[in-house]
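Nothing in this text is a laboratory measurement; each read-out follows from the coordinates by a stated rule. It should be emphasised that the depicted structure is a prediction, and the values quoted were computed from it without experimental measurement. Counting neighbours? That spans all protein chains shown, and the Cβs are built from the backbone with ideal geometry, glycine included.
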């Protein structure tokens, strides 16, 4: 045997893949042996194959499917790194959704019967403004007793895209919500919204929309989010952002390659990684949030968040008495800052007793 060849046993030990796995990868054309003895059928591997074998082993430890591993192994290192990063972002998103669902189910099983029979409801208001620069408004904002939504369209038919996405969710405002199955219902509704956007626009022209929505269940809010519109929670005077921007610059911030300050002037700061319709298919963020009396939620397009700092948003949300007052103050602040984009806001208060739009 050539000195640069290893037996399957020695090769398996060196790359930490079992002989059984190596035989499977041979059959799948993922990692073919360097030589097969014609008489015994025994497999031998070249020392140079160790690097690929170790990559396969590491990717399997990540849980990557074999078909995707084959694609990664065929790429150049830089392209393979991007593919691995994209895969892991997908895993984290799916894990977060499952984590939230698990937390919800655990909470449901351990929750004691409520002694306080006070009903919680929403007081809400929505408004969308063209801003000071854009010739047309491509945003859509909606608020109802159960559904709150903001969508920010892009492309020549961006207005149709945002309107179609929100319209596809509006049935949730009056539909009977299945107990314990709200996230599945919302996920299915988002798939319908993606189809509605696809039917109403031309993806080849760059048409699409963000979508951030909250669905009220009576004690919890189910969140769906895709794109760079945002959801904030004001609780006990503190402001929390409860969504993550699906943008190029946010991914660079998360990787430590860009600071938040640098992101504000980055040339790709408006480039989305996820939107509706998803091309390629993208997973929306889905979460469940417990509600408390006194909570104030804000949904907004990036026409607000890119020009009005969070500290200013917090101040306006804190000082405004009613949702309509808060919305008008936020829109005015965006326009006072130049109004470079359409700006849409939905503000909803979690209140006790009977409530409605104000």
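Of the residues 27, 195, 205, the one that moves most in a GNM of the chain with alpha-carbon contacts below 10 Å is 27.
Helix-derived [θ] at 222 nm for the chain: sum -39500 (n - 2.57) over DSSP H runs of at least 4, divide by residue count, nearest 500? Walk me through the intermediate numbers first.
Details: 12 runs with 142 residues, N = 358.
Calculated mean residue ellipticity at 222 nm is -12500 deg cm²/dmol.
Once both labels are positioned 7 Å from their Cα atoms along Cα-to-Cβ, the gap between residue 134 and residue 217 label points is 3.3 nm. Using the empirical formula 2.2 N^0.38 Å as the baseline, the Cα radius of gyration of region 5-74 reaches a ratio of 1.04. Among 339, 41, 227, the largest mean-square fluctuation in a Gaussian network model of the chain (Cα springs under 10 Å) belongs to 41. Between residue 81 and residue 54, the modelled labels are 1.7 nm apart [label points 7 Å from Cα along Cα→Cβ]. Among 304, 183, 22, the largest mean-square fluctuation in a Gaussian network model of the chain (Cα springs under 10 Å) belongs to 22. Rounded to the nearest whole angstrom, the semi-axes of the ellipsoid equivalent to the chain, taken from the Cα gyration tensor as √(5λ), stand at 48, 24, 18, largest first. Extension gain for residue 36-residue 73 works out to 11.1 nm (0.36 nm per residue, less the C-alpha to C-alpha distance).
In the chain, Cα pairs under 8 Å separated by at least six residues give a relative contact order of 20 percent.
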